[in-house]
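Here's the structure we're looking at; comments come further down.
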Amino acid sequence: MASSTKLNAKVPEGILENKWTKYRSTVHLVNPSNKRSLEILVVGSGLAGSSAAASLAEMGYKVKVFCFQDSPRRAHSIAAQGGINAAKNYQNDGDSVYRLFYDTIKGGDYRAREANVHRLAEVSSNIIDQCVAQGVPFAREYGGTLSNRSFGGTQVQRTFYAAGQTGQQLLLGAYSALQRQIGMGAVEMLTRHEMMDVVTIDGKAHGIIARDLISGKLERHFGHAVLLCTGGYGNVFYLSTNAMGCNVTAAWKAHKRGAFFGNPCYTQIHPTCIPVSGDHQSKLTLMSESLRNDGRIWAPKKKDDNRKAIDIPEEERDYYLERKYPAFGNLVPRDVASRAAKELCDAGYGVGASKMAVYLDFAANTERYGKIQANKKNIHNPTKEQIVQLGKEVIKEKYGNLFDMYKQITGEDPYELPMRIYPAVHYTMGGLWVDYNLMTTVPGMFALGEANFSDHGANRLGASALMQGLADGYFVVPYTIGDYLSEEIRTKAIPTDHAAFVEAETKIQNMIDKLIAIKGTKSVDNFHKRLGKIMWDECGMNRSSKGLNEAIEKIKALRAEFWKDVRVPGSTNEFNSELEKAVRVSDFLELGELMCIDALQRNESCGGHFREEYQTPDGEAMRDDENFAYVSAWEYKSESDFELHKEELVFENIKIAQRNYA
Ligand SMILES: Cc1cc2nc3c(=O)[nH]c(=O)nc-3n(C[C@H](O)[C@H](O)[C@H](O)COP(=O)(O)OP(=O)(O)OC[C@H]3O[C@@H](n4cnc5c(N)ncnc54)[C@H](O)[C@@H]3O)c2cc1C
């Protein structure tokens, strides 16, 4: 299969290990005085956006940054708990750049681009050095060296962490770097601003239309380049572990202006989340994958077992991940762990009131740690109570904030009882298609972090999103953007009364006016919830041709109903959070359809995309490498009309094989 002529991944020639080094030495540069007259718009100030904006401003470019929250510190990145990967091999356990590259390609079920993933593994170590220099308080061993733990899909310990608040600490680091540039006047920060559209002139991205969320006014902003660092779209499912504000609007509007959407159907369902407890919920809570270092996952061996967990004897427990996948045990990748939990619950082995949960149990490792502590403290013949108490202290130090969060939400104490967990929507591997330079199919428009279709193929390994977002922002785009901007040095700032700005603003104003004028009977949430249910039922953990075809029709009908019957109170020129939601949901209603179309054309199972028709006899995902080893990149034509372009994935450095974690 040859790649579509409309897609040029621009992967440099040469052997894999040398591509990035050679690229950096030969890429076109922009001299310092030209940098000062080039303006870059960075939309989003999570880890990807903050790191990019701080780096680009430090390099001398004029930077404007937008985010819809009241501070960059509130970006969803702050929620990241477990850690960030890097191939430092501090544990001397056999890690290397190649192994991180290999694990990521395999973990993604061989659906990612080799050159980008290798570059990610190469720069991973620099990220840790950069963050340590910024003062990020990574966990350390007693002797002062940085500590590591394991995450899924690997057999080494390469995850750096700051208790269960890694994202927050990394974001504070990136935010400080950004704030320094703001203080020096190199960055103009526009908080409470939502990008509503991209402005293209002569086929290139040259600005955005943003809405000031406080006054409701639309604004025009010019840039020589636009960077979308706007995060993932998991909230299309309504219930997810994402922050409530996460949305697809920026990426979707870019898509409608010519940016192809890559692999929209690849969604990550995380195995360890607090189960849904009822209809009233609007948010799900993650229990970090780091917990699988010490938590053992099990379900009762007997169906419909209503006994309490502690009353079920050891021999009547099925540690099913350890049984099925002994080589990786509880640390199999997320797609594998999630499917295994669902299978058991569907077969009647689930626990809790809903029976849609399994246990994550810390008792065995609490005891193990307790014994080690007793030895360290020279306590001879400790009692069971002493051992458990000492073990709890270790567990508390490692995961205390996560345990507190679990207790606050469920009312149960996980130091005493196993946690109940179930898979939930968590991350979107799909996003805007980008080439090696992180540029979309619209020249001058770049996508970074979770907003791009990323390096994770069909399934992301834990602790790799923070790595990718920071790699993109600190170490990749600062080089690759020069390749584009070196050709733009003669482009003078385009006045924002240009017809393209007027057209884009008018279009958005009309759309907003239309939403307000509907004055229907149903709330925005009503539509969002119904969309989420369709997506979860038919384009969630299991997908089928029949279900997807039905979902497409249901989404179209729901979208038509939305535009007739949604009720958006308030008016345009004021702070109006319902209006904000309505705009976002209107985009989700279009994206959802494309996700189903994408899932329908991919007649194979891979990673998080599990088509019921394509599974091995023992229920594992069955890929079809002959026909589907490609990235699907969708071009927007008109409503419900998308054209598929394929980027062939060539594996020259890794032998493509059936994934095996047993
Ligand atoms: C609960 C949880 C825990 C996680 N833990 C980990 C972990 O331990 N390790 C790991 O590697 N990954 C983890 N992840 C994933 C990781 O946190 C995210 O993938 C990553 O932080 C995304 O960063 P980002 O910069 O791409 O986007 P975000 O942090 O989502 O930032 C998006 C930015 O875009 C802005 N924005 C969005 N739309 C617009 C618009 N239209 N106009 C203006 N601004 C806009 C927002 O204001 C925000 O500033 C976790 C995810 C969740 C949900």
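The values are calculated or read from the model by the stated rules, or taken from the named source; none is laboratory data. This structure is a prediction, so every number in the text was calculated from the model and none was measured. We place every Cβ from the backbone using ideal geometry, glycine too, and count neighbours over all the protein chains shown. Accessible surface is based on the protein model in full, side chains and every heavy atom, while ligands, DNA and RNA are left aside. Shrake-Rupley method; radii C 1.70, N 1.55, O 1.52, S 1.80 Å.
For this structure, a couple of remarks:
- Helices (runs of 4 or more DSSP H) lying entirely in the stretch 437-532 (those with 3 or more residues that are more than 16 Å from the ligand (Cβ to nearest atom) and more than 30 Å from Ala115 (Cβ to Cβ)): 499-518
- Residue check for Leu56: more than 26 Å from Ala447 (Cβ to Cβ), open to solvent by less than 20 Å² (accessible area, probe 1.4 Å) and touching a residue at least 12 places away in the same chain (Cβ under 8 Å): no
- Residue in the stretch 74-84 that is of a type in the set (Ser, Thr, Tyr), part of a helix (DSSP H, G or I) and touching a helix residue (DSSP H, G or I) at 6+ places or on another chain (Cβ under 6 Å) present: yes
So that you can scan it fast, the table gives a plain yes or no per residue for (1) under 17 Å from the mean Cα position of the chain (by Cα); (2) within 30 Å of Glu487 (Cα to Cα); (3) of a type outside the set (A, V, I, L, M, F, W, C):
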{"site": "Trp20", "(1), (2), (3)": "no, yes, no"}
{"site": "Tyr61", "(1), (2), (3)": "no, yes, yes"}
{"site": "Ser77", "(1), (2), (3)": "yes, no, yes"}
{"site": "Asn89", "(1), (2), (3)": "no, no, yes"}
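- One residue from Ala458, Ala447 being out of contact with any Leu (no Cβ under 9 Å at 6 or more places or on another chain), open to solvent by less than 20 Å² (accessible area, probe 1.4 Å) and modelled with pLDDT of 95 or more: Ala458
- Of everything in the stretch 105-144 that is in contact with a Ser or Thr (Cβ under 6 Å, 6 or more places away or on another chain) and under 20 Å from Asn92 (Cα atoms), the residue that is surrounded by the most Cβ atoms within 10 Å (Cβ to Cβ) is Ala139.
- Criterion applied to Pro271, Pro300, Pro275 was being touching a Phe, Trp or Tyr at 6+ places or on another chain (Cβ under 7 Å) and either open to solvent by less than 10 Å² (accessible area, probe 1.4 Å) or among the polar types (S, T, N, Q) (or both), and the one residue passing it is Pro300.
- Residue in the stretch 394-409 that is open to solvent by 40 Å² or more (accessible area, probe 1.4 Å), free of Cβ contacts under 8 Å to residues at least 12 places away in the same chain and part of a loop (DSSP other than H, G, I, E, B) present: no
- Leading residue by the ranking (surrounded by the most Cβ atoms within 10 Å (Cβ to Cβ)) among those in the stretch 167-213 that are in contact with a Leu (Cβ under 7 Å, 6 or more places away or on another chain), β-branched (Val, Ile, Thr) and under 25 Å from Thr572 (Cβ atoms): Ile208
- Put simply, of Glu574, Glu604 the only residue that is of a type in the set (D, E, K, R) and surrounded by fewer than 20 Cβ atoms within 10 Å (Cβ to Cβ) is Glu574.
- Which listed residue is more than 14 Å from the ligand (Cβ to nearest atom) and open to solvent by 20 Å² or more (accessible area, probe 1.4 Å), from Gly216, Gly262, Gly258, Gly231: Gly258
- Flag for Ser147 being over 22 Å from Gly400 (Cβ atoms) and either buried (at least 24 other Cβ atoms within 10 Å of the Cβ) or at pLDDT 95 or above (or both): no
- Hey, Met356 aliphatic (A, V, I, L, M), open to solvent by 30 Å² or more (accessible area, probe 1.4 Å) and within 13 Å of Leu291 (Cβ to Cβ) or not: no
- Residue selected from the stretch 150-166 under the condition open to solvent by less than 10 Å² (accessible area, probe 1.4 Å) and of a type in the set (Ser, Thr, Tyr), by the criterion nearest to the ligand (Cβ to nearest atom): Thr166
- Which numbered condition Ser277 misses (of (1) farther than 20 Å from Ala582 by Cα; (2) more than 11 Å from the ligand (Cβ to nearest atom); (3) at pLDDT 95 or above): (3)
- Applying the condition of being in a helix (DSSP H, G or I) and β-branched (Val, Ile, Thr) to the stretch 547-576 and asking which residue is farthest from Val236 (Cα to Cα) yields Ile552.
- When residues of the stretch 59-87 are limited to those that are surrounded by fewer than 19 Cβ atoms within 10 Å (Cβ to Cβ) and more than 15 Å from the ligand (Cβ to nearest atom), the one nearest to Leu38 (Cα to Cα): Gly60
The rows are residues; the columns are (1) more than 19 Å from Thr428 (Cβ to Cβ); (2) over 22 Å from the mean Cα position of the chain (by Cα); (3) part of a loop (DSSP other than H, G, I, E, B); (4) not basic (Lys, Arg).
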| site | (1), (2), (3), (4) |
| --- | --- |
| Asn603 | yes, yes, yes, yes |
| Arg623 | yes, yes, yes, no |
| Glu626 | yes, yes, no, yes |
| Ala633 | no, no, no, yes |
| Lys637 | yes, yes, no, no |
| Phe642 | no, yes, no, yes |
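- Qualifying residue in the stretch 583-598 (condition: of a type in the set (A, V, I, L, M), out of contact with any strand residue (DSSP E or B) (no Cβ under 9 Å at 6 or more places or on another chain) and modelled with pLDDT of 95 or more): yes
- In the stretch 415-436, the residues that are within 10 Å of the ligand (Cβ to nearest atom) and out of contact with any Lys or Arg (no Cβ under 7 Å at 6 or more places or on another chain): Ala424, Val425, His426, Thr428, Gly431
- Of all residues making up the stretch 103-126, the number that are farther than 17 Å from Gly153 by Cβ, assigned to a helix (DSSP H, G or I) and within 18 Å of the chain's Cα centre (by Cα): 1
- Residue list for the stretch 394-419, filter: among the hydroxyl-bearing types (Ser, Thr, Tyr) and either at pLDDT 95 or above or over 24 Å from the mean Cα position of the chain (by Cα) (or both): Tyr406, Thr410, Tyr415
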